[in-house]
Amino acid sequence: MFNDPLKAICDDPLERKWAWITLVLAVVMAALLGIYAVAGNFNPPSNVETIDSSRLHLTEEFAEDNLGVKTEPDGSLRVTLVAARYGFYPEHIEVPADTPVTFRMASADVLHGVHVPYTNLATMIVPGYVSEVHTSFPKPGEYSLFCNEYCGLGHDHMWSRLTVVPKTAGGE
Ligand code: CUA
């Protein structure tokens with residue numbers, strides 16, 4: 001007969017039954033998250049690169065004039081973004097669909113996050129570090145970049161726009 005290990009901490013069979021249901025649910029939910037992450041190719045950002053957040057404007061890459069979308073020699077795109085209270089700069093970016101895009105993002109002040117619903121772009125932007133994300137957008141359309149880390153009173157209004165244009169029509 002099944003020897004219930006929960007007996008050691010609980011005498012009531014009904015309580016043990018509910019404890020087991022809770023445990024099984026937790027395991028199922030953790031497994032679903034794992035499957036979802038693998039199936040959707042969600043990865044944690046892998047590079048560790050530091051930067052002085054108070055001096056972004058003095059760096060070459062994150063100076064105001066150098067932000068935005070650039071085409072690399074191999075045809076892929078690089079998007080340089082600054083997150084600062086309360087917005088992402090530049091406030092509107094446009095990229096072609098189905099094209100590899102590398103996002104390079106840095107915070108000018110506090111912890112921010114970036115999340116683009118319906119895509120796999122979501123990461124924290126930690127002051128002092130460059131957040132790098134590689135992705136591509138299969139579906140043309142209008143998307144919003146939202147901040148998803150509470151960063152102050154204007155957090156709810158911290159967002160900007162991403163336009164994904166059909167590959168043939170645009171893309172420089
Ligand atoms: Cu930036 Cu919340």
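Since every read-out is calculated from the coordinates, none of them should be taken as a lab result. Values in this document were obtained by computation on a predicted structure and should not be read as measured data. In this analysis, Cβ positions are derived from the backbone assuming ideal geometry, glycine residues included, and neighbour counts consider all displayed protein chains.
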Checking the cross-link filter: which lysines have an alpha carbon closer than 28 Å to that of K70, excluding same-chain neighbours under 8 positions apart? K139, K167
Over the Cα atoms of the chain, what Rg and Dmax result, in angstrom? 21.7, 72
Once each part is reduced to its C-alpha centroid, what is the distance from the stretch 63-87 to the stretch 20-39 in angstrom? 37
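Once the other residues with Cβ under 11 Å from the Cβ of H155 are scored (Lys, Arg +1; Asp, Glu -1), what is the net sum? Can you show the working numbers first?
Numbers: positive: R85; negative: E149, D156.
With Lys, Arg at +1 and Asp, Glu at -1, the neighbours total -1.
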Distance between modelled label sites at N41 and L111, nm, 7 Å Cα→Cβ extension: 2.9
What order do you get for T80, T50 when you list them from fewest to most C-beta neighbours inside 10 Å? T50, T80
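Round to the nearest 0.05 the FRET efficiency obtained for D74 and W18 when R0 = 41 Å and r is the Cβ-Cβ distance. Could the numbers behind the result be given before it?
Working: r = 57 Å, r/R0 = 1.38.
Working from the Cβ atoms, E equals 0.15.
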Angle between the Cα long axis of helix 13-39 and the longest principal axis of the chain, 0 to 90 degrees, nearest 10? 30
Would you mind counting up the charge near A97? Only other residues with Cβ under 12 Å from its Cβ, with Lys and Arg at +1 and Asp and Glu at -1. 0
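Report the local net charge at I125: Lys and Arg +1, Asp and Glu -1, summed over other residues whose C-beta lies under 15 Å from its C-beta. Walk me through the intermediate numbers first.
Values: positive: R85, R104; negative: E49, D52, E61, D109, E132, E149.
That works out to -4.
So for the stretch 120-172, averaging the separation of alpha carbon pairs under 8 Å that are six or more residues apart and normalising by length, what relative contact order in percent results? Don't skip to the end; give the middle numbers.
Values: 43 pairs, mean separation 16.8, N = 53.
Worked out over the stretch 120-172, it gives 32 percent.
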In deg cm²/dmol, rounded to the nearest 500, the helical mean residue ellipticity at 222 nm of the chain, built from -39500 (n - 2.57) for every DSSP H run of length 4 or more, is -5500 deg cm²/dmol
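Write out the GluC sites (Glu not before Pro) in the stretch 1-82 meeting two conditions: DSSP loop, and at most 14 other Cβ atoms within 10 Å of their Cβ.
Qualifying residues, ordered by number: E49, E60, E61.
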Multiplying the sequence separation of E61 and T168 by 0.36 nm and subtracting their Cα-Cα distance, what value in nm do you get? 35.7 nm
